[in-house]
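One structure below.
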Amino acid sequence: MSLIFTSSILKAQEFSGGESLNSSTLDAKDVFHSNLRQAERGNAMAMGVLGLMYWKGLGCEKDPVEALKWLKKGAQKGDADAENNLGFLYFQGMGIKEDDAEALKWFKKAAAQGLASAERNLGLMYGRGAEGVHKDYAQSLEWFKKAAEQNDADSQVNLAQMLSLGEGGPKDYIESHKWFSLALKYHSLDSSQVSDLRNDIEWLEKRMTGKETDEAQKRAAEWKPGGESVDNTEK
């Protein structure tokens, strides 16, 4: 079984909010100019999108200076994706001096708005530890759970691994099995990732009773994003 933070589907901190920008149905230049107009009028979300487009060179020439300027503006006006992406730049030291404390600050602001990718980023920071950020598995577990409840597959895997190993809390094979099973439904997995997750589930089932496996499968089947699943906790 792979150790925590080495899962094959685990991604490091990454930009959020760019999914629609990759759509082939959109004209990147039109999107860029539309967001530029809105950003100049003070729209915080447009500022964040504009910063991301400048960084990736979508609809414009790559310009890290302009990207950082607009991400800062969007973050300061409270756009969650801009906050998360600014935190990413600080964490990686991309276009700006690496600063884990600043990264943590902006990740927290974005996570406070319920952004799953920011919650995952906090889980990673607390799980790995960073300069000025003490390793805290309990905090890591909590943030991964928040993101996992929003159907973030990477966080579901990390949460499952922590629960199986007793990192940040007691071992819980039933919940671990549930989260591995839910992550296995993620549509973008490649064959090696599917194989790894199935191996993790097999590892667990060798250590679980049939009743425990049935309970885990029931919880996975009834789970809904946002923590709306039926409470199946055994009394």
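Throughout, read-outs are computed from the coordinates displayed, never taken from laboratory work. Computed from a predicted model, the values in this text were never measured in an experiment. Using ideal geometry, Cβ is built from the backbone for each residue, glycine included, and neighbour counts are taken over all protein chains shown.
Here are a few things to note about the model shown:
- Net lengthening on full extension, A138/E40 (0.36 nm per residue, minus Cα-Cα): 31.1 nm
- Rounded to 10°, Cα long-axis angle of helix 173-183 versus longest principal axis of the chain: 40
- The charge dipole of segment 93-139, taken about the Cα centre with unit charges on the Cβ atoms of Lys, Arg (+1) and Asp, Glu (-1), comes to about 140 debye, rounded to the nearest 20.
- Residues in segment 215-222 carry Karplus couplings, in order, of 5, 4, 5, 5, 4, 5, 5, 9 Hz; the curve used is 6.51 cos²θ - 1.76 cosθ + 1.60 with θ = phi - 60°, and Gly or Pro positions show x.
- Computed from the C-beta positions of N199 and A221, the FRET efficiency with R₀ = 25 Å rounds to 0.70.
- Summary value for segment 135-198: 27 percent relative contact order, contacts being C-alpha pairs under 8 angstrom separated by 6+ residues.
- For the chain, the spread of Cα positions along each principal axis, largest first, Å: 60, 42, 32
- Degrees separating the helix 137-148 axis from the principal Cα axis of the chain, which is the longest one: 80
- Mean separation of Cα contacts under 8 Å (6+ apart) over length of the chain, as relative contact order %: 14
- Restricting the chymotrypsin sites (Phe, Trp or Tyr not before Pro) of segment 50-119 to loop positions (DSSP other than H, G, I, E, B) with no more than 12 neighbouring Cβ atoms within 10 Å leaves nothing.
- For the pair segment 36-50 and segment 90-141, the centres of their Cα atoms are 25 angstrom apart.
- Charged-residue dipole, Cβ positions (Lys, Arg, Asp, Glu), segment 59-103 about Cα centre, Debye nearest 20: 180
- Cα gyration tensor category, rounded, prolate or oblate, for segment 146-235 with a/c compared to 1.5: rounded
- Between helix 100-112 and the chain there is an angle of about 80 degrees, using the helix long axis and the longest principal axis of the Cα atoms.
- Across segment 150-158, rounded Karplus estimates of 3J(HN,Hα) from the backbone phi angles (6.51 cos²θ - 1.76 cosθ + 1.60, θ = phi - 60°) give 9, 6, 7, 4, 4, 5, 4, 5, 5 Hz, Gly and Pro being marked x.
- Extension gain, K77 to D27, is 15.3 nm, computed as 0.36 nm per intervening residue step minus the present C-alpha separation.
- Q92 paired with D190, simple spin-label distance in nm, labels 7 Å along Cα-to-beta-carbon: 1.9
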